[in-house]
2 protein chains.
Amino acid sequence: MARYTLLKTEGTAKRGQYETVHGLIQTPVFMNVGTAAAIKGAVSTLDLETIGCQVELSNTYHLHVRPGDEIIKELGGLHHFMNWERPILTDSGGFQVFSLASLRKIKEEGVTFHSHVDGRVIFMGPEESIQIQSNLGSTIAMAFDECPPALAAREYVQASVDRTTRWLGRCKDKLNELNNAEGTVNPDQLLFGINQGAVYDDIRIEHAKAIADMNLDGYAIGGLAVGESHEQMYHILEKTIPFLPKDKPTYLMGVGTPINILEAVERGVDFFDCVYPSRNARHGHLYTRRGRINIKNACYAKDDRPIEEGCNCPTCRRYSRAYIRHLMVSGEMLAMRLCVLHNLYFYNKLMEDIRSALDEGRFAEFKKDTISGIESGFTE
Amino acid sequence: MARYTLLKTEGTAKRGQYETVHGLIQTPVFMNVGTAAAIKGAVSTLDLETIGCQVELSNTYHLHVRPGDEIIKELGGLHHFMNWERPILTDSGGFQVFSLASLRKIKEEGVTFHSHVDGRVIFMGPEESIQIQSNLGSTIAMAFDECPPALAAREYVQASVDRTTRWLGRCKDKLNELNNAEGTVNPDQLLFGINQGAVYDDIRIEHAKAIADMNLDGYAIGGLAVGESHEQMYHILEKTIPFLPKDKPTYLMGVGTPINILEAVERGVDFFDCVYPSRNARHGHLYTRRGRINIKNACYAKDDRPIEEGCNCPTCRRYSRAYIRHLMVSGEMLAMRLCVLHNLYFYNKLMEDIRSALDEGRFAEFKKDTISGIESGFTE
């Protein structure tokens, strides 16, 4: 069912499209994060359409804990629950189990841990994660992996990656079983594997080769943006991506700044997700093509211009810096919403511009100009 | 400029329209409260259009304290600041001075008090309040009054009301001066006087007569819904409204529940405002024609129906009780927004239905049916 079409390349950068049962995804794409089936900042799925979001990303772990994936299945799946018809990717819960939960115990079967909401004991392994994602009925399910700390010792990382490979086989079998079962929410659910290996080139490469052989629907690179430098991250992309299938999408998990995204697109990444735009928005840090501004600064108190001149987002089309600053300083919830809308629009529009540049064979120039604009800093 | 047209009556109930420089207001009308130039719950002025809001209400005291009315004037006035083209009513700050501020000292000139934001000393009298409202450039300015406690002694109330009458004269003179001054934001700004008198019929009536003689653009009844019973409130409306001009709108300040509104329309009220719909929404208390529901109740966890079947609000058209309950329980900001949108739509739609019923001469029946629906309680 799903098919990735490579429309054009420029160096190692890829311009593609990805067919899914919930519609076509134009790549490179930024997925908008709605952890608990809602975008932070009171942004609704109707708003997501307005700001050009192609793919929404929700969280297996969070939705399992609350409201419960079985309830969501009973209600017809996550698409119906959230009222969002376009593609949804669910992450596997692996990252959250290793970053949020407490007192975890890792075994070959899976991980036992305590819920961060009510402390109750939860067991999650590959089969459990895939069962939950099948209940949610997302367009793309992610394999359940271990995400070792960026600075973990080589021996630990090697053992962890080997287990992640074995878990991936179990994920694939389980999804295959569930996609063929009676009453499955989305029998066309896709599976992406996840490459791990911390900052060890050879482990990353061997792992990439191993999972490439498993004929999955797409491949993610995980365990980055967790403490290593940007240079290390770019280096690993350069080393690893050549060993991932070119006829499948490559997804760089949890990354990143606009510059990170441009660098990663250049190295062949198709899918991105990151909490930066919404998290920064909630603190009044707003993206423009000339760098970030802090809308709480006093200099914006009488500034009647939009956040960014020429921006076509729902916020910039209607509201001034002065108004948004007032809302932010007064603690009005509307401030969050207007800022999140702007930042997500900025990311989605950046991806649209990247796609146009790739279409027209001018990505290198676009990248250079965009980075130089961002680095020029905001001086107004 | 402004003109109230009485289109129809049914008993003492009035169906009218009110022409302003910012457009026609169909009455009876509910004004949507955006205290600090923003509706609580991340609701934007674009949303207000969607939910059928005719008049937005902002607060003189709050906007004077933050961001400052002079900044708003510099930016072209409140309409431009908020990006809202339809009518705005500003209250005078009187009520807030007497309910929010601390250490107030009332003299003939006005009131000295401490800001609730930063404690700084502020003086506000009739001239100051009108100057601020002129800077904001609202469609309708409210007179600066004293709002005595519901249970204040007769002597205190009589003295206070006499002072409020003198203050009203000063408000009128000041607004007249400012509307004719150079550079005024809205030279067509209108002034409503406020009737006071606590629960003393004769003081209310004498005050109504006194202010009716002053040829204002509209008349409000203040100092109700501050602790007296519903029956006392209805009684005062019955006693007072006959002495207010019928060719001007009557505004019942800060009221109230849907039933309060139906009772007050029957007694001749045209304008309403109240924080109930947005405040209740933020606690998950949602209005339906069969009474209020608490969306946090466990019984809604798997309920795929909208808050109210047949409701055409942006929330009910897209989202289920189960989803909204999940958002509320998870502390997602989106919960607040979806709930506030529903409750404000409910109020605006109630007014629209009241107007239709008056147009068609069946208000008495509509009122009876609506109250009996609400009082039937929610049993689903």
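The values are calculated or read from the model by the stated rules, or taken from the named source; none is laboratory data. Note that the structure is a prediction, hence the values are computed from the model and not measured. A quick note on method: Cβ atoms are made from the backbone with ideal geometry, for glycine too, and the neighbour counts reach across all protein chains shown. To get the accessible areas, we keep the full protein, side chains included, count just its heavy atoms, and leave off ligands, DNA and RNA. Shrake-Rupley method; radii C 1.70, N 1.55, O 1.52, S 1.80 Å.
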(message) Going by what's in this entry, would B:Glu56 be described as among the acidic types (Asp, Glu), within 14 Å of the chain's Cα centre (by Cα) and either open to solvent by 30 Å² or more (accessible area, probe 1.4 Å) or under 20 Å from B:Tyr276 (Cα atoms) (or both)?
(response) yes
(request) Search the stretch A:219-269 for residues being of a type in the set (Gly, Ala, Ser), at negative phi and out of contact with any Cys (no Cβ under 9 Å at 6 or more places or on another chain), and hand back the single one that is surrounded by the fewest Cβ atoms within 10 Å (Cβ to Cβ). (result) A:Ser229
(message) Quick check on B:Thr90: is it part of a strand (DSSP E or B) and under 26 Å from B:Glu146 (Cα atoms)?
(response) yes
(message) Just to be sure before I move on: is B:Leu75 over 29 Å from B:Tyr200 (Cα atoms) and in contact (Cβ under 8 Å) with a residue 60 or more places away in the chain in the structure I sent?
(response) no
(message) I need the helices (runs of 4 or more DSSP H) fully contained in the stretch B:214-333, keeping only those with at least 1 residues that are under 30 Å from B:Lys14 (Cα atoms).
(response) B:230-240, B:258-266, B:276-282
(request) Specify the residue that is surrounded by the fewest Cβ atoms within 10 Å (Cβ to Cβ); the eligible residues are those in the stretch B:182-199 that are out of contact with any strand residue (DSSP E or B) (no Cβ under 8 Å at 6 or more places or on another chain) and in contact (Cβ under 8 Å) with a residue 24 or more places away in the chain. (result) B:Thr184
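A quick yes/no check of all residues on (1) within 21 Å of B:His22 (Cβ to Cβ); (2) of a type in the set (S, T, N, Q); (3) not in a loop (DSSP other than H, G, I, E, B):
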| residue | (1), (2), (3) |
| --- | --- |
| B:Ser134 | yes, yes, yes |
| B:Val161 | no, no, yes |
| B:Asn176 | yes, yes, yes |
| B:Thr184 | yes, yes, no |
| B:Asp188 | yes, no, no |
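Might you check whether a residue that is within 30 Å of B:Arg282 (Cα to Cα), within 14 Å of chain B (Cβ to nearest Cβ) and without any contact (Cβ under 8 Å) to a residue 12 or more places away in the chain occurs anywhere in the stretch A:343-364?
Quick first cut of the stretch A:343-364, residues within 30 Å of B:Arg282 (Cα to Cα) only: A:343-346.
With the extra rule that they be within 14 Å of chain B (Cβ to nearest Cβ), the set shrinks to A:344.
Still in the list and also without any contact (Cβ under 8 Å) to a residue 12 or more places away in the chain: none.
No; the residues of the stretch A:343-364 include none that is within 30 Å of B:Arg282 (Cα to Cα), within 14 Å of chain B (Cβ to nearest Cβ) and without any contact (Cβ under 8 Å) to a residue 12 or more places away in the chain.
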(request) With the checklist (1) more than 13 Å from every other protein chain (Cβ to nearest Cβ); (2) assigned to a strand (DSSP E or B) in hand, flag the one item A:Cys53 doesn't pass. (result) (2)
(message) Restricting to the stretch A:79-135, give me the number of residues that are open to solvent by 70 Å² or more (accessible area, probe 1.4 Å) and aliphatic (A, V, I, L, M).
(response) 3
(request) For the stretch B:274-290, indicate whether the set of residues that are within 17 Å of A:Pro67 (Cβ to Cβ), away from chain A (no Cβ under 14 Å) and at pLDDT 95 or above is non-empty. (result) yes
(message) Residue pairs, Cβ under 9 Å, 6 or more apart or interchain, first in the stretch A:300-325 and under 13 Å from B:His80 (Cβ atoms) and within 11 Å of chain B (Cβ to nearest Cβ), second surrounded by fewer than 21 Cβ atoms within 10 Å (Cβ to Cβ) and of a type in the set (S, T, N, Q). List them.
(response) A:Arg318/B:Asn83; A:Tyr319/B:Asn83; A:Ser320/B:Asn83; A:Tyr323/B:Asn83
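For (1) among the aromatic types (Phe, Trp, Tyr); (2) closer than 27 Å to B:Leu63 by Cα; (3) open to solvent by less than 30 Å² (accessible area, probe 1.4 Å), each residue gets a yes or a no:
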residue	(1), (2), (3)
A:Asp304	no, yes, no
A:Cys311	no, no, yes
A:Arg321	no, yes, yes
A:Glu332	no, yes, yes
A:Val340	no, yes, yes
A:Phe346	yes, no, yes
